[in-house]
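**Student:** Please find one structure pasted underneath; my questions will follow.
The values are calculated or read from the model by the stated rules, or taken from the named source; none is laboratory data. The model shown is predicted, which means the values in this text are computed figures rather than measured ones. Counting neighbours? That spans all protein chains shown, and the Cβs are built from the backbone with ideal geometry, glycine included. These area figures cover heavy atoms from the full protein model, side chains too; ligands, DNA and RNA do not enter into them. Shrake-Rupley method; radii C 1.70, N 1.55, O 1.52, S 1.80 Å.
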Amino acid sequence: MSNLDDLYREIILDHYRSPRNRGELPPPAYHVEGFNPLCGDEIVVYALIEDGVLTDIKLTGHGCSISQSSSSLMSAAVKGKTLEQVRETIATFKTLMTVHESQLDGDTTTPDVEADIRRLGELAALAGVVKFPVRIKCATLAWNTLTQALDEASA
Ligand code: ZN
């Protein structure tokens, strides 16, 4: 597991230092702000939705490395996808954040959890966050904020 942990740490640091899709989008892009008072993390999601596709997404905000790298990883994972695929990715990620720590360790990992982790690609780097429950809200902030933007778009 330790090599994998190193790789995951590198992915998180890389996205923290060079965040993807940083910036703002003008209307008609949806614009939703998220705040995690436990840690002081702030994320602003700009989502441009055209014909049922999330054609562009940009983010601003500040906070800890987990919140900011999670938002960067998210933007890379959902950009250009249909809203249905975006919601699926969000659901898979949130499932990963509720997996019990023991399910991530070696032989006790269930096939379902493994499949989810494989499907998530780079996002799997955040799987280790569940070992630190106080950071889960940091990791899910961007995802909850994006969900809010999708809900506004479909309202
Ligand atoms: Zn945080």
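**Student:** For the chain, what does the relative contact order come out to in percent, with C-alpha contacts under 8 Å and a separation of six or more?
**Tutor:** Numbers: 248 pairs, mean separation 43.5, N = 155.
Across the chain, relative contact order equals 28 percent.
**Student:** What are the membrane-span-like helices in the chain by this rule: whole DSSP H runs, Cα extent along the axis at least 18 Å, mean Kyte-Doolittle hydropathy at least -0.5?
**Tutor:** On the way: long enough: 2-17 (22 Å, -0.79); 65-78 (19 Å, 0.64); 83-96 (20 Å, -0.01); 133-154 (31 Å, 0.09).
Correct list, ordered by number: 65-78, 83-96, 133-154.
**Student:** Please work out the average accessible area per residue across region 10-150, using the 1.4 Å probe convention, and give it in Å². Provide the component values of the computation, followed by the final result.
**Tutor:** On the way: 6870 Å² over 141 residues.
For region 10-150, the per-residue accessible area is 49 Å².
**Student:** Write out the GluC sites (Glu not before Pro) in region 1-97 meeting two conditions: DSSP loop, and at most 14 other Cβ atoms within 10 Å of their Cβ.
**Tutor:** Glu24
**Student:** Using Stokes-Einstein with the Kirkwood hydrodynamic radius over Cα pairs, what translational diffusion coefficient do you get for the chain at 20 °C and a viscosity of 1.002 mPa s, in µm²/s rounded to a whole number? Please report the intermediate quantities before stating the final value.
**Tutor:** Details: Rh = 15.6 Å.
Calculated translational D: 137 µm²/s.
**Student:** Using a Gaussian network model on the chain with a 10 Å cutoff between Cα atoms, which of Ala91, Ala47, Ala125 fluctuates the most?
**Tutor:** Its mean-square fluctuation being the largest, the pick is Ala91.
**Student:** Using a 1.4 angstrom probe on heavy atoms only, work out the carbon and sulfur share of the accessible area of the chain in %. Show your work: numbers first, answer last.
**Tutor:** Details: 4230 of 8040 Å².
After summing per-atom areas, the C and S share lands at 53 percent.
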